[in-house]
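One structure below.
What follows draws every value from the coordinates through simple rules; no lab data is involved. Bear in mind the structure is a predicted one, so any value in this text is a computation, not a measurement. Virtual Cβ from ideal backbone geometry, glycine too; neighbours counted across all protein chains shown.
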Amino acid sequence: MTLREEADKIIKEAITKVLPDEAVKQALKSRKSVKGKLYLVAVGKAAWQMANAAANILNGQIEKGIVITKYGHIQGDIPGIECFEAGHPVPDTNTFAATQKVIELTEELQADDQVLFLLSGGGSALFEKPLISTEELSDITKQLLACGADIVEMNTIRKRLSAVKGGKFAGLCEPAAIFAIVLSDIVGDPLDMIASGPAYADSSTASDAIAIVEKYHLKLSEKARTLLEMKTPKAVTNVETRITGSVRNLCLAAKEACEKLGYESMILTDALQCEAKEAGAFLAAIAKTHQNTDKSLAFIAGGETIVHVTGKGLGGRNQELALSAAEGLAACKNTAIFSVGSDGTDGPTDAAGGYCDENTKEKMQQAGLDVYEVLKENDTYHALKKTGGLIITGATGTNVNDVAVVLIRRRFL
Ligand SMILES: O=C(O)[C@H](O)CO
């Protein structure tokens, strides 16, 4: 097997292990049934998979259900559940129309009813009723995506501009109860930030929001600024939450997959949060340090990096991380670094991530490309396409953040 084939195998096995089906099944065991009706609302990139798992278990008990997920993420019909696809990472008209359907569903709720709320990352874009114009929301979302704000900063802003985020969806469901199962795609699993916490009390403050506006010089209307200064729900009383899955599980699954291939493996971190470029260079440095090993080694780093967009190219944080390792890897032997988003999408591309090895830099030179220029233009997608380094998985059905792996192969090759 080549290093690239090994990488693909590790990715496949790790992602399969973190599909939410089993987690949903376990979480549902602690759900108390209610006298009234049971409704299902599933939002996020893993919404279809979570809803399908729940519908199989609750077989016929669901009165009505709605799934909102990203384009290309619906894998079939779920009896009794309406499934919608919408825009991500920037909400679009389908987002607003599908969210309106959910709001209409909440208007039917009685005190004895229960909403099974299945939430996963991506929900911030996919579940939205904005309190500002849709044009301004789209503009602010694009500013936040480009400025290098991390996901907690982004969602601190997003939840204040929304009628469903920051605990407000829980308010719409009152007096009915919510049983929420949340698949975490944020380091540290902050429930109020995952998909902007529609059913969780907000821990951020107006001054946090204003500080973020100032830090990134965001351009806002007066109305948006006024909304940022307003209070969000600090207590939510009708929700019981089970948190399942996380980047930790993804790292453990990757470690297990590496070990099956004979790598001595170590999780370096499951809380990677820095510039993608820095993470790539750092992992390449680790690869260099261990070149004299006589054992096959794998180093695993999970989390979510950020990109400050400076160019006009196409790419994503995982592709950027992988390509940033190309320079350092050129000095290595039988060594590769790959980084992948468990949801199967990296930035606004059809790739899940990127793969580089000691030959990538040379392949780029042959194609007339310079690593630094490509990174400056944020055009990693096109460069990796030329070097055969794109990782394409398609929608995976899960979303528990990203994992990067260093492979140093010293046997079997
Ligand atoms: O939707 C979002 O806000 C991100 O995926 C984090 O959960």
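Estimated from the Cβ-Cβ distance and a Förster radius of 56 angstrom, the FRET efficiency linking N94 and R411 is about 0.65.
Quick check for me: using +1 on Lys/Arg Cβ and -1 on Asp/Glu Cβ, what's the dipole size of the chain about its Cα centre, in debye to the nearest 20? Walk me through the numbers on the way to the answer.
Numbers: 45 positive and 53 negative charges, 111 e Å.
It comes to approximately 540 debye.
In order along the stretch 206-216, phi translates into HN-Hα couplings of 4, 5, 4, 4, 5, 4, 5, 4, 6, 4, 9 Hz, rounded to whole numbers, per the Karplus curve 6.51 cos²θ - 1.76 cosθ + 1.60 with θ = phi - 60° and x for Gly and Pro.
Summing -39500 (n - 2.57) over the DSSP H runs of n ≥ 4 in the chain and dividing by its residue number, what mean residue ellipticity at 222 nm do you reach, to the nearest 500 deg cm²/dmol?
Values: 17 runs with 163 residues, N = 413.
Estimated from H runs of four or more residues: -11500 deg cm²/dmol.
Close amide H partners of L109, meaning residues 5 or more places away or on another chain with modelled amide H under 5 Å apart, do not exist here. In terms of other Cβ atoms within 10 Å, S342, S246, S296, S324 run from fewest to most in the order S296, S246, S324, S342. Each residue of the stretch 362-379 was assigned a 3J(HN,Hα) from its phi angle through the Karplus curve 6.51 cos²θ - 1.76 cosθ + 1.60 (θ = phi - 60°); the sequence is 5, 4, 5, 4, 4, 8, x, 10, 10, 3, 5, 5, 4, 5, 5, 7, 6, 10 Hz, with glycine and proline shown as x. Roughly how many Å is it from the Cα centre of the stretch 300-346 to that of the stretch 203-259, as a whole number? Cα centroid to Cα centroid, the span is 24 Å.
Give me the extension gain from S133 to T205: residue separation times 0.36 nm, minus the current Cα-Cα distance, reported in nm with one decimal. Don't skip to the answer; put the middle values down first.
Working: separation 72, 0.36 × 72 = 25.92 nm, distance 2.27 nm.
Between S133 and T205, full extension yields an extra 23.7 nm.
At an R0 of 60 angstrom, the distance between the Cβ atoms of A367 and R225 translates into a FRET efficiency of 0.80.
For the stretch 31-245, what ratio Rg/Rh do Cα atoms give with a Kirkwood hydrodynamic radius?
Values: Rg = 16.4 Å, Rh = 17.1 Å.
That ratio is 0.96, to two decimals.
Extents of the chain, taken as max minus min of Cα coordinates on every principal axis and listed largest first, are 66, 48, 31 Å. Taking θ as phi - 60° and the Karplus parameters 6.51, -1.76 and 1.60, the scalar couplings of the stretch 20-32 work out to x, 3, 5, 5, 5, 4, 5, 5, 5, 4, 9, 7, 8 Hz in sequence order, x denoting glycine and proline. Each other residue within a Cβ distance under 12 Å of S203 adds +1 if Lys or Arg and -1 if Asp or Glu, for a net charge of -1. With a Förster radius of 51 Å applied to the C-beta separation of V34 and T2, the computed FRET efficiency comes to 0.40. Summarising the amide proton neighbourhood of I391: residues at separation of 5 or more, or on other chains, whose placed amide H is nearer than 5 Å comprise A352, G353, G354, Y355.
Per residue, the average separation of C-alpha pairs within less than 8 Å and at least 6 apart gives the stretch 240-373 a relative contact order of 22 percent.
Once the other residues with Cβ under 14 Å from the Cβ of I267 are scored (Lys, Arg +1; Asp, Glu -1), what is the net sum?
On the way: positive: R248, K255; negative: E256, E259, E264, D270, D402.
Value of the local net charge: -3.
What fraction, in whole percent, of alpha-carbon pairs in the stretch 102-215 exceed 17 Å separation?
On the way: 3474 of 6441 pairs.
It works out to 54 percent of all Cα pairs.
Local charge for L38 was computed over the other residues whose Cβ lies under 12 Å away, with Lys and Arg +1 and Asp and Glu -1, and equals +2.
Counting only alpha carbon atoms, the long axis of helix 134-147 and the longest principal axis of the chain meet at about 30°.
Proximity of backbone amide H atoms, modeled 1.01 Å from N, is registered between L118 and V41, A42, V43, I181 at under 5 Å, excluding neighbours fewer than 5 places apart on the same chain.
For the residues R158, R248, what sequence is obtained by ranking on other C-beta atoms within 10 Å, fewest first? The partial results should precede the final answer.
Numbers: R158 26, R248 18.
Listed from fewest to most nearby Cβ atoms, that is R248, R158.
Rounding to the nearest 20 debye, state how big the charge dipole of the stretch 31-245 is about its Cα centre with +1 on each Lys and Arg Cβ and -1 on each Asp and Glu Cβ. All intermediate terms of the calculation are to be shown ahead of the outcome.
Working: 22 positive and 26 negative charges, 49 e Å.
Computed charge dipole of the stretch 31-245: roughly 240 debye.
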